Structure formats: structure tokens, C-alpha cells
1. Of the conditions (1) facing chain D (nearest Cβ under 10 Å); (2) buried (at least 23 other Cβ atoms within 10 Å of the Cβ), C:Asn38 satisfies every one except a single condition; which number is it?
2. Taking segment D:43-62, which residues are surrounded by fewer than 21 Cβ atoms within 10 Å (Cβ to Cβ), more than 14 Å from chain A (Cβ to nearest Cβ) and either among the polar types (S, T, N, Q) or in contact (Cβ under 8 Å) with a residue 40 or more places away in the chain (or both)?
3. What's the number of the only condition in (1) surrounded by 23 or more Cβ atoms within 10 Å (Cβ to Cβ); (2) within 30 Å of A:Asn221 (Cβ to Cβ); (3) β-branched (Val, Ile, Thr) that D:Val153 fails to meet?
4. Could you figure out which of (1) open to solvent by 10 Å² or more (accessible area, probe 1.4 Å); (2) touching a Phe, Trp or Tyr at 6+ places or on another chain (Cβ under 8 Å); (3) farther than 25 Å from C:Gln168 by Cβ isn't true of D:Met166?
5. Between B:Ala21, B:Ala112, which is hydrophobic (A, V, I, L, M, F, W, C) and open to solvent by 50 Å² or more (accessible area, probe 1.4 Å)?
6. I want to confirm something. Restricting to segment C:131-140 and keeping residues that are in a loop (DSSP other than H, G, I, E, B) and among the hydrophobic types (A, V, I, L, M, F, W, C), which single residue is least open to solvent (accessible area, probe 1.4 Å)?
7. Would you pick out the residues in segment B:190-214 that are without any contact (Cβ under 8 Å) to a residue 12 or more places away in the chain and not in a loop (DSSP other than H, G, I, E, B)?
8. Against the conditions (1) in contact with a Lys or Arg (Cβ under 8 Å, 6 or more places away or on another chain); (2) farther than 25 Å from C:Pro208 by Cβ, where does B:Pro108 fall short? Just the number, please.
4 protein chains.
Amino acid sequence: MTSPTTSNDAEVQALRREVCALHQELVRWGLVAWTSGNVSARVPGTQLMLIKPSGVSYDALTPETLVLTDLHGTPQQDGATPSSDTGAHGYVYRAMPDVGGIVHTHSPYATAWAARSEPIPCAVTAIADEFGAEIPVGPFAMIGNDEIGRGIVDTLSGHPSPAVLMAQHGPFTIGPTPRAAVKAAVMCEDAARTIHLARQQGQVEPLPPEHIAALHHRYQNVYGQRTEHSDPTEGRNQ
Amino acid sequence: MTSPTTSNDAEVQALRREVCALHQELVRWGLVAWTSGNVSARVPGTQLMLIKPSGVSYDALTPETLVLTDLHGTPQQDGATPSSDTGAHGYVYRAMPDVGGIVHTHSPYATAWAARSEPIPCAVTAIADEFGAEIPVGPFAMIGNDEIGRGIVDTLSGHPSPAVLMAQHGPFTIGPTPRAAVKAAVMCEDAARTIHLARQQGQVEPLPPEHIAALHHRYQNVYGQRTEHSDPTEGRNQ
Amino acid sequence: MTSPTTSNDAEVQALRREVCALHQELVRWGLVAWTSGNVSARVPGTQLMLIKPSGVSYDALTPETLVLTDLHGTPQQDGATPSSDTGAHGYVYRAMPDVGGIVHTHSPYATAWAARSEPIPCAVTAIADEFGAEIPVGPFAMIGNDEIGRGIVDTLSGHPSPAVLMAQHGPFTIGPTPRAAVKAAVMCEDAARTIHLARQQGQVEPLPPEHIAALHHRYQNVYGQRTEHSDPTEGRNQ
Amino acid sequence: MTSPTTSNDAEVQALRREVCALHQELVRWGLVAWTSGNVSARVPGTQLMLIKPSGVSYDALTPETLVLTDLHGTPQQDGATPSSDTGAHGYVYRAMPDVGGIVHTHSPYATAWAARSEPIPCAVTAIADEFGAEIPVGPFAMIGNDEIGRGIVDTLSGHPSPAVLMAQHGPFTIGPTPRAAVKAAVMCEDAARTIHLARQQGQVEPLPPEHIAALHHRYQNVYGQRTEHSDPTEGRNQ
């Protein structure tokens, strides 16, 4: 385990602060009820991750209460029990080395699509920008073994979307950073709501594949800042 | 009546602060309009309860304004009139000795199911986790006698769900603590909304009973913290 | 005009503060977009009223910016132009001497019923409590003469409901005090939303008339406080 | 480029503060998710505009981070990259000299109508007031050339509505000032939601053309303040 005086430890402390703050974004954007969502981050260059403690309210969450575990979910310190979704997060980090952050919520509109096992069609430009395709559905999987993690990895590997709707469960999103994964969770709920509303009063047609590809390429490579003004991982190089 | 200098009285003061703070959670999670929801708590080891005063706004609510009554709703002090739902709360405490807290709201999605007298099917994992079954409907009952309390007790006795949708009225939730009952009220509205949205665009199937049982057992026994990091009554031993 | 040093003027100042604060309740409960709602109050014992200035944002509203007019809408001071709905408010105060406050919004669910000219059925206990009947529809009326005011008065005179849905326009609510009228506006939107949601997935039946009458009588006469703990005009003697 | 000590520069600084504050209104009224909306302002009397930097969160936005560009989108300073929608904003300012502010969002209800390429009928008085007609649909257009700008200009030139729903994309709104354009964006979402809700349970009829014209004329010419109490460009002379 890392000594508290190494620079590596300072990096973990900074990551704790960021992941703690990102949980507040889940509340702010209406993605969670009570304690029902979590954010994790891979500690760069290690086989470790930080994740929400199980059942702790967002008000009570502090950087220190986040749990440091290895990528099999074993805590690296005494203290709080990690999220019951820790196994799924670890599976994804082990299988997808470019993933630096993962978010899971039961956000209402995305979970409604998941309850029907129905993908969200790519029918407006905002979905093409962020997801580059329809938002896909993963299998129904029970908690407590590798089923959920394998379902996420099988669905998202080689897919442009950073979000998967796990059947009769809810969305998981990934990103190169935890902030990018939170953004994907916010945009997934926004997409789920907009297309839900649109379809309540008529048909919606997916955009043509060539338009989806062009919009996605532009958004991932041109949108955002190349300077210190914003997180360069957000919205491109994803 | 207890003297203000006994330690028992200190316990009541702490409970007053907690129940007052829990009313703000009803506002925060969008469960109430104006003054239309209330939280009560059994005073542990006594035949007394604390409950919201009738018609007082959540802004004006303070720990001191909560009303201490016996379990037939008789105030134990001069001052404010207790909630018009006090009789129903007291009936439940008398009949269900493991109940330590009760919440009643007219939260919009849950009340919409109640208006149709339709139970909420257990079609996503979050409902299995918290409720262990569909969320059941209780009878229509008029206020002012034991009808509402009896309808709650008859519906929830021996049922895994901590929530009942009273027909053409709204949800009541119970828990071992008032905080657990508030959590159940938040999750009940979340369940009602998610399945409402899901069914607007197609069929949803309940989860298989063996999956519901396994998810509920795990959530009630594994989820959450066994230490001081969170309320151990929340999400297990319920 | 009243001199600033009379006690009557102190009463007007207190009323200005209350009406200003009540506008924030319209924002808090989601009843308004931008500047699209207003509250007025009769100055007790006079032929005067206070009303929102036209087109002023809720952030910029202060007690002093509220406009004092007679009951025909003529400002009693130099300064801001009163709400374009002032004529309707004044008509109601002239015709209904027990009305002490009026609220108008375009709150989304209530306005949706108004857009279809459809009354909201009294299908849950909360609607019986506050409205004592279905929430009725008033005629379509153009702004700028007495049409709107007359439509409100004709619909609500002798009707238990403090709310009317003006066709293809939106709700107006009345009360013995401006606070009671704001409460009715909040509860009207809540009723409109709950029954909208309920009907999206099936039929809802109105409560039997004898139950509606009993619930309304109890709520208007028993609910709330008879002491200084809350506004006695709220929820009874209405 | 302007020297920081000229009075013109003070005017630009004031405009930066205003445009920065107006972005918070997009958040407050629920029009945006993450970074998905932008406000721009023409610098009066120049060929310049201020616009949101690309991909910057609303929390991180400061007056200084707004980007000053010419009306072809070329930045006039080193620093942040302007919004990817800058080309569309500039096209509109070049073609419509009375436009002083432009807003683009993906607000959920308005974007739902846009996803179906369906105009919002003018069926309640609030839509007649602000828009003077149905809210029209513009063509589907790819980002990155003049297509979007031309679609906005072709649809809104000579049309009373300050809002256009760009097909499978979302709403753009214009105004004589950036504040008027933000108001139009708020009212567009409100209109989209109200008529969506109304049509979910029945038919809605547009208001008669003569009533729409009368309401629009009155609102644009009588509503609001003629004094310092409010922005005179809001709600009239638009």
C-alpha cells in the first residue's frame, strides 16, 4: 500500500476529491434517488480504483469515505464497505484498459427503456454527438458475480456508445475519465427523455448512418477546448 | 410526562431533530406539495410517538413544533394540533411493534397508481431490492376513524413491501426507523415513476419470483455499512 | 392617499412583504416560467389592492415594486405599470367581497387541462379536501376588458372550488388571503398532474359525492391549527 | 482590436457579465444538460459577437471566458475556442440586423417536437402572446457550414415567432437583446411542454387567427414596463 507521504498519494487524494464532487453531479442532474447511484475512478497507472461506499447518502459522502479497492473489489484499507456494484466496476476496468471512470444510476427515463429492453434510437443530433449510434441494451444479469460486468463489456466493446442499458436494471456509462463517464450518464438520461417524449406523439426516424458518423466524429474531435479551459477528455478522444 | 432533565428527554429531543430534518427530505425529493405529507416516529421503548403538526409549512417546522402524542393520538403537551393522519399512524404503531417510523405523502406518480387502485409491478432490480414484491394496493378508507390504519396493517402484515398505495388516496410507508420509512417513500415514488414511464411505450414483465427473492435478500442483508458510516437500519434488517 | 406614518400604512407595508414573498412560492413550486404568473392581495378594509408589476422578473421583485391600485386597476402612485391581468383581479375583488387574494399562473399541467377545456375530476382524497368538487372550467375570454374577471366570478360563485381553469389560458385561484390563494394554485397543479398521470394508464373514477362532501367539510373545518402555529385561513374557513 | 481603456471596452465588459449571467438562466429553467446550450450577443454597433466557449461547464463559465468573435466566427483574441454553433449564430447576425441575441438549447420538450419535425400549435394565450403564431420547424441541417444558419433565417424571416425548431436537432431563439432571446427559449420550452401534456389526453384546437393577432399585438406593445423597472426589450418592440 502507498505511504501517505508519496506524491502518488497526493494524486489519490486529488482523485478522491474529484470523485466525491462528481457524485453531487448525479444529484444535481436528477439521476439518483436516495443512495441509488455510484461513480468510480481507476487510479491512473495502478491496479486500484476508488468507489462509493455502500448505502451512504450523498450528503454524508466525503473524499475520505470513498473506498480504495483493487480491481477485484478488495478494500485496501479498513473502513467502509464498497458499493454493492464494485464487482461490476472492477470487471470493466480489468477488461477495458482505456476506461478511467464508470457510473451507474437508475435514472428514470433511461431505466424505463431498460425495463423494456429497448435501445434508444439515434434520432437527434445530440445523441449522434455523444453516443455515435443507438444506445444499446445489455443482458439481464444478477448482482454478485461477474454477470453484470461481462454484460457491460460484451455490449460496449467496439461500440461507439459510452452507455449501455442493462435490461430490467438501468444504465452504466464509461469514459476515459470519471468526469467523462458522468457526462455520459447525464446525456444518456437526456437522450432517453427526449426520445421518450418525441415518441409519445408520433414516429421518430433515426438519423441516416452517414450523418451519425459525421456528427460523432466532429463532436469527438472538434468540440471542446484544447487548452486548460476545460477537461480535454470530455467530448473527444473518448 | 417525562421531566425535561431526564436522559429519556434528551432522547426525545434528538428524535425531534431527526424527524424535523426528515420532513425536509420529503421536500427535497419532490414528494410533497405545500403541507401535504408527514413523518412520524415511535419514541423507542414507550407508548408515545412524534408527528408533524397539522397544516404547518415545512419552512415553519422546527423540532419543538412536532407533537408528542400517545399511540391513540392524544397530545401529551399543550400546543399544536397533530396531523389529521395521526390516528392512522397510531393504529399502525399499536398493531406492528417492529415499526419505528411511518411516512405519508401524495407523491404524484405513486398517487397516480393509487388513483387507479393498481399495484406497481416488480419489473426492475431496484424494486426487488427495496420492496421484494410488487407494491400493493390497500382499500379506500375514509379519514377520521380506524379505517386507514387497519387498511395499512392488513395490507403490509406479512408482506415484504414497506409501502402500500391506499386506493384513491396515496402511499404510506413504514420502517424500523423514521429514516428507513422516508427512504421507502422516496424509492416508492421512484418505482412508480420508472414503471409508469416504461409502460407508456410498451409492455414490461415482472422479474421472475426467484430473482426478486434473491435480490431482496441480498439488499436487505448485504447492502449498506455495518459500521458507523451509515444508518444500519437503512436497507437491511428491515 | 395614505400618509407613510399612519398605522394603516404599516399594514400595507406588511402586506407588500407578504405578497412579494408569495411570488417566490410560485417559483419554488414550479408554477411559473420567466414572469408568467402573479399574486394580488386586497388591502383589508379598503377599496385597494396590491399586485405584481407587469413583466418584472421574480428576482427583481421587491415589496416596494408591487403596485397599489384601486379595484378598477388605477395605480395609486407613480411608478411601475401593474400586471396586464390587473383588470381581472379587480373585477373579482369587486364582485366577491370574501376574496382577499388572487393568483394567476400558466402552470403546465393545469394549463394542459385548460387547453382542452376539461375539468379535473375529483378522483383522489387530496382534491376532495382542497376543492370539494371537480376543478371547473371557465369560458375562453380575451384580455383587456371584463371578460376574464366575469368568467372567473360566474364559474366560482357558489362553487366549493377555489380554482378555475380558464379555457385555452390557465388557472386562476382565489382565497380569503393571498396565502390561501397561493396554496390553492399549488394544489391545483398537483391535482392536475396526479390525475393526468393516473389517466395515462387507465380509467379513474370520481369519488362518491357523499365522500367528497365529508372530506371537504373535515378539511375546511378540522385540518390545520387554531393557534398561532399556522395561518388559520389556510385550509379552513375558506 | 479595442484597447482595454476605451469606453467601448467597458460596454463589452458589461455585455460579458450579462451574457455570462444569462447562461445561468438556461440552467435554472431546466433547458440544458451538462454543457448543451449557448447564448450569444451582438456587440451593439459593431461586427462582433460574444459567445460561449465550446464544452465549458456552466459552473466554470466567467465573463472573461466568453469568446469575442467577428460575425464569421473568427476569434478576436487568444484563448478559448468558441461554441461549435458559432457559425450558425454569426450567419443569423449577418442576415438579420435587428437580432441582438441568439440562444440554442436541446431543451427536452421542444426537442421532442423537433425530433418529429412538428410545429407547436398556438392553442393557448401564452403562445399567442410570445410567439404570435405556431412555433415553426426549420430544415434538418448538418453542423459545420452555413446550413443551420440559413435554415434559421429562412424560417424566421417575416415570421412573428422568435423561436424555430430545427428538425431532429432542437430550438434556436432570437431577440432584440440576448435577454429577450433567453426569455423566448424559456417560453418555447414551456409552450412545448404544455401542448405536449394537453394533447396526451385529447385534441387541442388552435386559437382563431384574429385572437392570436390581437393577443400578440397587445403583449408586444402593452405588456411590461416603459420605465427603468424592467428591460423594455422584453416582451415588446421585439
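1. In the conditions (1) facing chain D (nearest Cβ under 10 Å); (2) buried (at least 23 other Cβ atoms within 10 Å of the Cβ), C:Asn38 misses (1) alone.
2. D:Pro44, D:Thr46, D:Gln47 - these are the residues of segment D:43-62 that are surrounded by fewer than 21 Cβ atoms within 10 Å (Cβ to Cβ), more than 14 Å from chain A (Cβ to nearest Cβ) and either among the polar types (S, T, N, Q) or in contact (Cβ under 8 Å) with a residue 40 or more places away in the chain (or both).
3. Unmet condition: (1).
4. Of the numbered conditions (1) open to solvent by 10 Å² or more (accessible area, probe 1.4 Å); (2) touching a Phe, Trp or Tyr at 6+ places or on another chain (Cβ under 8 Å); (3) farther than 25 Å from C:Gln168 by Cβ, the odd one out for D:Met166 is (1).
5. One residue alone meets the criteria, B:Ala21.
6. Kept after step one, since they are in a loop (DSSP other than H, G, I, E, B), are these residues of segment C:131-140: C:132-134, C:136, C:139-140.
When the remaining residues are screened for being among the hydrophobic types (A, V, I, L, M, F, W, C), the result is C:133, C:140.
Numbers: C:Ala133: 19, C:Phe140: 59 Å².
Here the answer is C:Ala133.
7. Step one: of segment B:190-214, the residues without any contact (Cβ under 8 Å) to a residue 12 or more places away in the chain are B:197, B:199-203, B:208-210, B:214.
Passing the criteria: B:Leu197, B:Arg199, B:Pro209, B:Glu210, B:Ala214.
8. Unmet condition: (2).
The values are calculated or read from the model by the stated rules, or taken from the named source; none is laboratory data. Predicted model, so just to flag it, every value in this text is computed and none were measured. When we count neighbours, we look across all protein chains shown, and the Cβ atoms used for this are built from the backbone with ideal geometry, even at glycine. Note: areas computed on protein heavy atoms with side chains; ligands, DNA, RNA excluded. Shrake-Rupley method; radii C 1.70, N 1.55, O 1.52, S 1.80 Å.
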